[in-house]
Structures are given as structure tokens and as C-alpha cells.
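Everything below concerns the one structure shown next.
The values are calculated or read from the model by the stated rules, or taken from the named source; none is laboratory data. From a predicted model like this one, the values you see are computed outputs, not experimental measurements. Counting neighbours? That spans all protein chains shown, and the Cβs are built from the backbone with ideal geometry, glycine included. Just the protein is used for accessible areas: all its heavy atoms, side chains included, with ligands, DNA and RNA removed. Shrake-Rupley method; radii C 1.70, N 1.55, O 1.52, S 1.80 Å.
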Amino acid sequence: LEELAGLEVAMVQRKREENLSGKFLFWGKIYGATQDYLIVSVITTAADFPEKKYYYCTTGDYTLRALPSLSEDYESQAQALSVRFTGDPSFFNFSGADEVEEEDPEAPPVERFREVHRLSYVVQNIDHDCALAPKGSLVIDAGKRVIFNPYYPGLSFHTSADLRAYYHFRMPENAQGLAVLKKPGIVKADFLDCITKDTPSDIWTVAHDSSGSVAYVRNLYWQGYHFYAAIDSQEYGGAYFGSGVAQTDIAFML
């Protein structure tokens with residue numbers, strides 16, 4: 001309850017300070033050793049494809065801050081890490097050295113790779129691999145922009161049980177999808193990347209709740225990501241709750 005209240009206030013404050021037009025959406029929670037990270041995103045549809053911006057706070061400080069952009073060097077450093085998050089955005093002693101040069105609290109912060117950069121890398125990777133959109137929920141308008149379909153009817157019970165009904169909510173990476181986006185005139189063909197093309201082939205699972213009114217999709221590589229789609233409804237969404245460490249040996253477990 002405290003986290004929810006703190007996050008609600010932080011989102012209102014951040015939206016007012018940056019004059020954001022998009023709606024804040026809860027993205028997930030990454031667990032740390034001393035405190036956890038709460039992440040939210042803002043989606044805007046002014047560009048050709050919906051754009052996302054990510055913000056984070058900790059469970060010890062509910063001030064939302066934008067996740068930083070990363071250089072190639074920082075991405076490489078983040079990719080090499082598989083230890084648990086500490087929960088301190090300024091942490092930098094990933095080598096575990098006994099002697100670490102203390103930083104002067106009065107001096108400007110030294111530019112170096114910190115946990116907040118790793119957090120940015122992990123959030124973007126999870127979103128790239130896991131963020132989903134049900135079939136038909138995104139369409140291409142007359143201006144060749146990808147927008148949320150206001151007439152999306154929802155998935156039927158039968159369709160929702162098929163993994164082919166779920167697509168990655170990201171700019172398509174297959175050549176056919178990119179060609180569809182550039183095709184002149186009104187386009188009704190599927191253009192997003194279907195999750196059935198992911199490898200390993202059994203990385204996704206789908207099941208229904210006991211009432212059969214909601215379909216749940218889980219990702220086994222990023223364990224902790226859950227997506228839901230209400231049957232015959234426009235309601236759907238997803239969130240991640242986990243360590244932020246991928247199950248890299250999943251191919252041997254399936």
C-alpha cells in the first residue's frame with residue numbers, strides 16, 4: 001500500500017514537471033538486496049511507432065527519475081553482469097574490490113558505470129523481449145502511424161489459447177513486417193513480430209484462469225514477466241516482477 005501511494009504521488013509530480021502528454025503505466029518491480037526498484041513507462045503515439053520512456057524510483061525514495069541512455073561501452077558492461085541488484089542506483093563496485101576510492105559527497109558525481117545504467121539496460125531488454133500486444137490491438141492509420149486500435153474487440157477464448165495471437169509490442173524486426181509498414185494505402189495485414197518465432201520455441205506459455213475469462217502469458221527466459229488479456233474485452237497488460245537476471249540456461253531446461 002505504501003509503495004502504491006508513493007508511486008501514485010511520484011507519477012503525478014513527474015507528469016506535471018515534464019508536462020508529459022502520455023499516460024503513466026506501471027512497468028514492474030526489480031528486487032534488490034537492500035531495496036527494490038519500481039519502474040513505470042510513458043507511451044506516446046506522435047511518432048510512426050509508439051515510443052516508450054522509462055522512469056524508476058526505489059522503495060526507499062519515491063522520486064521518479066528517467067532511466068539514462070547508454071553508450072555501447074555501458075551496454076557491454078551491463079551485459080556482462082549476472083549478479084543480483086543491490087538496490088542502490090549509484091553503486092559502482094561491481095568488481096568486488098576491497099579497496100574502493102571514496103567519493104567526495106560535496107564534489108560533482110564522477111561519470112562512471114553505475115547500477116542505474118545496468119537497470120536501464122535490463123529494463124530495455126526485458127521490454128524488447130517480453131512486452132506484448134494481442135492480435136488486432138495495434139493498427140496502421142492513414143498517416144502510416146502505428147496506433148492503438150480503438151475498435152479492438154478483444155480475443156475470443158479459443159483465439160487467446162493460441163500463442164499466435166500474441167505479438168511483440170516493438171518496431172517489427174522481420175523484413176516482411178517492415179515492408180508492410182511502408183506499403184501505401186490502408187494496410188490490414190499483420191506487421192508485428194509474432195512470439196511463436198522466438199527461440200527457444202517453448203519460451204512462452206499460455207493458460208486461462210479458472211473462470212476462463214482471462215488468458216495469462218508467461219515468459220520463461222525472463223521469469224517474472226506476466227501478460228494478461230481479458231476475453232472479449234479491450235483490457236490487457238503486462239508487468240515484470242523479478243530479479244532482473246535472465247534464465248540463460250532455459251534452452252537446456254525445456
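Which count do you get for residues in segment 1-59 that are assigned to a loop (DSSP other than H, G, I, E, B) and not polar (S, T, N, Q)? Give the steps one after another, and end with the answer.
Restricting attention to segment 1-59, the residues satisfying the condition of being assigned to a loop (DSSP other than H, G, I, E, B) are 1, 19-22, 31, 33-36, 45-50, 59.
In the following step, the residues that additionally are not polar (S, T, N, Q) were identified as 1, 20, 22, 31, 33, 36, 46-50.
The qualifying residues number 11.
Taking the stated definitions as given, is Thr205 in contact with a helix residue (DSSP H, G or I) (Cβ under 6 Å, 6 or more places away or on another chain), open to solvent by 20 Å² or more (accessible area, probe 1.4 Å) and farther than 30 Å from Phe92 by Cα? Don't jump to the end; show me each part of the working.
Numbers: in contact with a helix residue (DSSP H, G or I) (Cβ under 6 Å, 6 or more places away or on another chain): no; open to solvent by 20 Å² or more (accessible area, probe 1.4 Å): yes; farther than 30 Å from Phe92 by Cα: yes.
No.
Tell me, please, whether a residue that is under 29 Å from Ala133 (Cβ atoms) and β-branched (Val, Ile, Thr) can be found in segment 58-71. Steps first, answer last, please.
Filtering segment 58-71 down to residues under 29 Å from Ala133 (Cβ atoms) leaves 64-70.
Okay, now just the ones that are also β-branched (Val, Ile, Thr), so none.
Scanning segment 58-71 turns up no residue that is under 29 Å from Ala133 (Cβ atoms) and β-branched (Val, Ile, Thr).
Being open to solvent by 50 Å² or more (accessible area, probe 1.4 Å) and not in a helix (DSSP H, G or I) is the filter here; which residues of segment 179-202 pass it?
The first filter runs over segment 179-202 and keeps only residues open to solvent by 50 Å² or more (accessible area, probe 1.4 Å), leaving 179, 182-186, 188-190, 196-197, 199, 201-202.
Listed by number, the residues that qualify are Lys183, Pro184, Gly185, Ile186, Lys188, Ala189, Asp190, Thr199, Ser201, Asp202.
Does segment 73-85 contain at least one residue that is under 19 Å from the mean Cα position of the chain (by Cα), within 30 Å of Val180 (Cβ to Cβ) and at pLDDT 95 or above?
Checked segment 73-85: at least one residue is under 19 Å from the mean Cα position of the chain (by Cα), within 30 Å of Val180 (Cβ to Cβ) and at pLDDT 95 or above.
For segment 48-64, enumerate the residues that are over 16 Å from Arg16 (Cβ atoms), more than 16 Å from the chain's Cα centre (by Cα), of a type outside the set (Asp, Glu) and surrounded by 13 or more Cβ atoms within 10 Å (Cβ to Cβ).
Thr58, Thr59
Can you work out which of the residues in segment 141-178 that are part of a loop (DSSP other than H, G, I, E, B) and among the hydroxyl-bearing types (Ser, Thr, Tyr) is most open to solvent (accessible area, probe 1.4 Å)?
Looking only at segment 141-178, we keep the residues that are part of a loop (DSSP other than H, G, I, E, B), and these are 141-145, 149-154, 156, 161-162, 169-174.
Restricting the remaining residues to those that are among the hydroxyl-bearing types (Ser, Thr, Tyr) gives 151-152, 156.
Working: Tyr151: 187, Tyr152: 10, Ser156: 44 Å².
My answer is Tyr151.
Sort out which residues of segment 42-82 are touching a residue at least 60 places away in the same chain (Cβ under 8 Å) and among the hydroxyl-bearing types (Ser, Thr, Tyr), and write them in order of number.
Thr45, Tyr54, Tyr56, Ser82
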